[in-house]
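Data first, discussion second: the structure below is written as structure tokens.
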Amino acid sequence: MECRLIWMYHDVMDLYGDRGNIQVLKVRGQKRGINMVIDTCGINEHKDLSTYDIIFIGGGADREQGLLYQDLLARKDNIKKAIDQGTFVLLICGGYQFFGKYYIDGDGNQMEGLAFFDYVTKAPSGGKRCIGNIAIEANLDGEIIRVVGFENHGGQTIDVKTPFGKVLKGHGNTFDGEFEGFYNGHVLGTYMHGPLLPKNPQIADLILRKGLSKRYGDIKLDKLDDAIETKARNVMMSRLGVK
Ligand code: GLN
């Protein structure tokens with residue numbers, strides 16, 4: 001079995017260890033004997049995104065987002081084709097913001113988004129940001145799981161119809177907000193950065209399964225020993241005072 005993953009804007013969108021998410025998918029796939037093909041796509045590089053099983057975009061500062069959003073917009077039809085054909089999309093922070101209608105940074109500059117979804121994001125002037133560790137209760141296709149991560153964003157995302165989860169501790173989509181991220185079964189957008197998959201292996205496996213289902217249908221992944229990952233997650237949960 002093969003899983004083809006493409007990391008878009010790898011050279012500009014890689015905040016807080018976002019590349020760790022790719023590493024986790026790669027290793028967890030390889031441990032199951034899956035041939036993990038990891039590719040990258042930079043600005044102006046020609047790639048047919050619909051030929052991949054998983055698309056990943058990480059987070060970036062406003063400056064980096066400004067460099068790439070027009071390139072991303074030019075790929076709208078290709079990304080739509082990929083999603084329609086069953087490619088799973090994982091988006092962190094700045095990447096997540098761009099799948100909504102727009103992002104307005106703290107200086108008032110507006111960057112148009114792909115508008116696949118109705119949400120919009122605006123950062124306040126004055127530089128106030130949502131920073132810190134975060135815990136949420138996520139609903140993944142009916143399965144309720146607790147997720148821990150780290151967020152650092154100025155953007156406040158509103159009008160999210162199907163959030164990734166309910167905030168237990170931290171901010172989420174807005175300052176001291178009730179909900180975090182976006183999830184619709186095919187696209188997962190979140191403000192949680194690089195520790196997302198290392199600390200939450202259940203999500204990594206969900207993404208692997210969804211990506212593989214594009215070509216292989218419903219498959220069961222062998223269980224892995226997640227004792228260390230579970231410990232790491234529990235340490236952070238108790239530090240955050242979440243049971
Ligand atoms: N620049 C965006 C914001 O501040 C995204 C930041 C990020 O990706 N961490 O909201």
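The values are calculated or read from the model by the stated rules, or taken from the named source; none is laboratory data. This structure is a prediction, so every number in the text was calculated from the model and none was measured. As a convention, Cβ positions derive from the backbone with ideal geometry for all residues, glycine included, and neighbour counts pool all protein chains shown. Surface areas here come from the heavy atoms of the whole protein model, side chains and all, with no ligands, DNA or RNA. Shrake-Rupley method; radii C 1.70, N 1.55, O 1.52, S 1.80 Å.
When restricted to residues that are under 24 Å from ASN35 (Cα atoms), in a loop (DSSP other than H, G, I, E, B), open to solvent by less than 40 Å² (accessible area, probe 1.4 Å) and not aliphatic (A, V, I, L, M), the range 191-225 contains 4.
Can you find, within the range 97-126, the residue that is surrounded by the fewest Cβ atoms within 10 Å (Cβ to Cβ) among those that are within 8 Å of the ligand (Cβ to nearest atom) and under 18 Å from VAL12 (Cα atoms)?
By that ranking, first place goes to ASP105.
Looking at the structure I just gave you, is ILE79 closer than 29 Å to GLN202 by Cβ, assigned to a helix (DSSP H, G or I) and touching a residue at least 60 places away in the same chain (Cβ under 8 Å)? So ILE79 does not fit the description; no. Restricting attention to the range 160-190, which residues are in a strand (DSSP E or B) and either of a type in the set (Phe, Trp, Tyr) or surrounded by 23 or more Cβ atoms within 10 Å (Cβ to Cβ) (or both)? Answer for the range 160-190, where residues must be in a strand (DSSP E or B) and either of a type in the set (Phe, Trp, Tyr) or surrounded by 23 or more Cβ atoms within 10 Å (Cβ to Cβ) (or both): GLY165, PHE179, GLU180, PHE182, TYR183, LEU188, GLY189, THR190. For the range 143-159, the tally of residues that are open to solvent by less than 30 Å² (accessible area, probe 1.4 Å) and either away from the ligand (no atom under 13 Å from the Cβ) or among the hydrophobic types (A, V, I, L, M, F, W, C) (or both) stands at 3.
Here is a check on your reading of the model: is ARG63 over 17 Å from ASP18 (Cα atoms), in contact with a His (Cβ under 9 Å, 6 or more places away or on another chain) and of a type in the set (Lys, Arg)? Judged against the criteria, ARG63 is not a match. When residues in the range 135-158 are screened for being at pLDDT 95 or above and outside any strand (DSSP E or B), 2 of them pass.
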